[in-house]
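Participant: Sharing a structure, written as structure tokens. Questions coming.
The values are calculated or read from the model by the stated rules, or taken from the named source; none is laboratory data. None of these values were measured; they are calculated from a predicted model. Here the Cβ positions follow ideal geometry from the backbone for every residue, glycine too, while neighbour counts run over all protein chains shown.
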């Protein structure tokens, strides 16, 4: 009997403990820090779904940049155009290569042009209102103020055909051969910078160009590329061209003119004030003075202006 009473008491105690535990878990929430509570913590930004990804920045507007450049820059500027695609993919370079005199005339007559690179100061001066009135006789105003620079220097070279049949070795040989009529020379027209440099060389040797031309020992080209072709095809015994053109045509240069003979051969460049894309033109001109473009120029014989 006693044992039964003890067992009953134990069962009753266990039952009471179980009920107390259940009641406690149902009425008292577990302690938690404010950070763990959804109400207390700031909402995390939702990760965007693929369709909600931010749109890429719109690419720059396409620009067609028109560059008038001396014919002697054909190879280098075409190579640089490929490099510039990575720098300004929205810019398409459109080149017009010819003699600087022809390009100057086209600009004067209203041709669209953003950037002009001349093989001589004279043609640029003729378009620059800040140049001497003795050169800019018409008072033309096409050069954008502050943009003009001296971009490069070249050399005036005496080049010969393959094998050098007449064994021409110097400008001294050229002068002697023109005097006795034993050499045929190709040179640029009077309105072409390379022709103007050649005229100075002839004057340095006190040679009469007009008389020589009448005697049949001088032929002409409308730009330096035409003169180069005459030498390459051996229709003449030698030609006066730029060192860079001789390099590109794989011609042999036997002599280069000194500063005393024809002055420095400077290539000025400027953005034109008629440009519809002056900012892009200036950016390209700046690129032409940088290390990447300079390496291309120097590889063919251009040098920085000193």
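Participant: Scanning segment 99-116 for residues that are touching a residue at least 60 places away in the same chain (Cβ under 8 Å) and either surrounded by fewer than 16 Cβ atoms within 10 Å (Cβ to Cβ) or touching a strand residue (DSSP E or B) at 6+ places or on another chain (Cβ under 8 Å) (or both), which turns out nearest to residue 65 (Cα to Cα)?
Facilitator: Filtering segment 99-116 for residues that are touching a residue at least 60 places away in the same chain (Cβ under 8 Å) and either surrounded by fewer than 16 Cβ atoms within 10 Å (Cβ to Cβ) or touching a strand residue (DSSP E or B) at 6+ places or on another chain (Cβ under 8 Å) (or both), the one nearest to residue 65 (Cα to Cα) comes out as 114.
Participant: If a residue must be surrounded by 13 or more Cβ atoms within 10 Å (Cβ to Cβ), part of a loop (DSSP other than H, G, I, E, B), free of Cβ contacts under 8 Å to residues at least 12 places away in the same chain and out of contact with any strand residue (DSSP E or B) (no Cβ under 9 Å at 6 or more places or on another chain), how many such residues does segment 126-176 contain?
Facilitator: Pass one, segment 126-176, residues surrounded by 13 or more Cβ atoms within 10 Å (Cβ to Cβ): 126-129, 131, 135-136, 140-144, 147-161, 164, 166, 168-169, 171, 173-176.
Filter once more, keeping what is part of a loop (DSSP other than H, G, I, E, B): 126-129, 131, 135-136, 140-142, 144, 147-148, 155, 161, 164, 166, 168-169.
Still in the running and free of Cβ contacts under 8 Å to residues at least 12 places away in the same chain: 131, 136.
After this cut, where a residue has to be out of contact with any strand residue (DSSP E or B) (no Cβ under 9 Å at 6 or more places or on another chain) as well, the list is 136.
Matching residues across segment 126-176 total 1.
Participant: Suppose the filter is under 18 Å from residue 148 (Cβ atoms), surrounded by 15 or more Cβ atoms within 10 Å (Cβ to Cβ) and outside the structural domain of residue 108 (by TED's automatic domain parsing); does residue 193 pass it?
Facilitator: The answer is yes for residue 193.
Participant: For residue 205, all conditions in the list (1) closer than 18 Å to residue 256 by Cβ; (2) buried (at least 18 other Cβ atoms within 10 Å of the Cβ); (3) more than 35 Å from the chain's Cα centre (by Cα) hold save one; what is the number of the exception?
Facilitator: Failing condition for residue 205: (2).
Participant: Could you grab me the full set of residues in segment 284-306 that are in contact (Cβ under 8 Å) with a residue 24 or more places away in the chain and in a loop (DSSP other than H, G, I, E, B)?
Facilitator: Passing the criteria: 289, 300, 301, 302, 304, 305, 306.
Participant: Pull up segment 208-237, narrow it to residues that are farther than 21 Å from residue 120 by Cβ and touching a helix residue (DSSP H, G or I) at 6+ places or on another chain (Cβ under 6 Å), then point me to the one that is surrounded by the most Cβ atoms within 10 Å (Cβ to Cβ).
Facilitator: So, considering only residues that are farther than 21 Å from residue 120 by Cβ and touching a helix residue (DSSP H, G or I) at 6+ places or on another chain (Cβ under 6 Å), the one surrounded by the most Cβ atoms within 10 Å (Cβ to Cβ) is 236.
Participant: The conditions are (1) crowded, with 24+ Cβ neighbours inside 10 Å; (2) in contact with a strand residue (DSSP E or B) (Cβ under 6 Å, 6 or more places away or on another chain), and residue 245 fails exactly one of them. Which is it?
Facilitator: (2)
Participant: Name the helices (runs of 4 or more DSSP H) wholly inside segment 183-270 in which the number of residues that are under 24 Å from residue 305 (Cα atoms) is 1 or more.
Facilitator: Working: elements: 193-204, 209-215, 224-232, 243-248, 259-262.
Answer list for segment 183-270: 193-204, 224-232, 243-248, 259-262.
Participant: Next question, about the same structure. Suppose the filter is modelled with pLDDT of 95 or more, in the same structural domain as residue 122 (by TED's automatic domain parsing) and part of a helix (DSSP H, G or I); does residue 69 pass it?
Facilitator: no
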